[in-house]
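Read through the structure below, which is laid out as structure tokens, and then see the notes.
A short reminder: the numbers here are calculations on the coordinates, not readings from a lab. Source: prediction; values computed, not measured. Counting neighbours? That spans all protein chains shown, and the Cβs are built from the backbone with ideal geometry, glycine included.
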Amino acid sequence: MAKNNKKVEVAEEQTSQPEEEVVAPEEVAAPEQEVVEEKVEPKKDSKKVDNKKKDNKKKDKAPSKRGKRIKETISELKKVTWPTFGSVVKKTGIVLAVVVIFAVVLFGIDRLLAWLFDLLTNQVV
């Protein structure tokens, strides 16, 4: 039984270490031709490659921050109740009227203060 255990251990050691194969040219090259040797790398764990592919797919599916923000903005704009053209025109007229009224009031106050200043400066003490 001891021999069987040794064989199993040797077999496990051989399978755990990947082998590197060197492919040599089959024919002797003429002096004019270059001899190229290729090294064949051991196969990588397919699980790691599959995990990388899954990670890339997750990254592709996940929307960017900018894209997510644009989608949220569009959905919020759909919820907005937009005013009618008539109500916009009425409110614009009101704003313009208030601005004109305040302009007239400020102009009047300015003229009044200018007149009072002239009265004070024209008197010689």
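When region 63-114 is filtered for residues that are exposed (fewer than 10 other Cβ atoms within 10 Å of the Cβ) and acidic (Asp, Glu), only Glu76 remains. Which ones in region 73-96 are in a helix (DSSP H, G or I) and hydroxyl-bearing (Ser, Thr, Tyr)? Once the filter is applied, which keeps residues that are in a helix (DSSP H, G or I) and hydroxyl-bearing (Ser, Thr, Tyr), region 73-96 yields Thr73, Ser75, Ser87, Thr92.
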